[in-house]
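Presented below is the structure to which this report refers.
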Amino acid sequence: MGISKFADISSLLNTEISEAIIETENELFNLRFKKATRQNFKPNEIKQAKRRLAQLKTVVTLRLKNSKQKSDDVINELITN
């Protein structure tokens, strides 16, 4: 799974992002479990999974912030008219 670009992640739909977050959290859990039980794994996979999870959550946060700002602008416009 190489390192994904932020632009690639931001082009995903909200449902795809939600699914990717769940999948990445499960992957991170499994990697941590492998580490704890001393199974073979690549340590850089943990770093990549954490990075991808952070990117996905950042996109969700930005979208929520933008949607809230748009709704506040509509409300302010209705109040002033």
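Where a number appears in this text, it was derived from the coordinates with a stated rule and is not lab data. Since the model is a prediction, treat every value here as computed from it, not as a measurement. Heads up, the Cβs are rebuilt from the backbone with ideal geometry, glycines too, and the neighbour counts pull from every protein chain shown.
Numbers for the structure displayed
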{"item": "Extension gain (nm, one decimal) between F29 and D73, 0.36 nm per residue minus Cα-Cα", "result": "11.8 nm"}
{"item": "Between helix 14-36 and the chain: long-axis angle, C-alpha atoms, 0 to 90°, nearest 10", "result": "30 degrees"}
{"item": "Candidate lysines for bridging to K50, where Cα separation is under 28 Å - those fewer than 8 sequence places away on the same chain excluded", "result": "K5, K34, K35, K42, K65, K68"}
{"item": "Segment T37-K5, extension gain: residue separation times 0.36 nm, minus the distance between their alpha carbons", "result": "8.4 nm"}
{"item": "Descending semi-axes in whole angstrom, ellipsoid equivalent of the chain, from the Cα gyration tensor", "result": "37, 12, 9"}
{"item": "Burial order of peptide ranges 11-18, 24-31, 66-73 (average beta-carbon count within 10 Å, highest first)", "result": "24-31, 11-18, 66-73"}
{"item": "Principal-axis tilt of helix 43-80 within the chain, Cα atoms, nearest 10 degrees", "result": "10 degrees"}
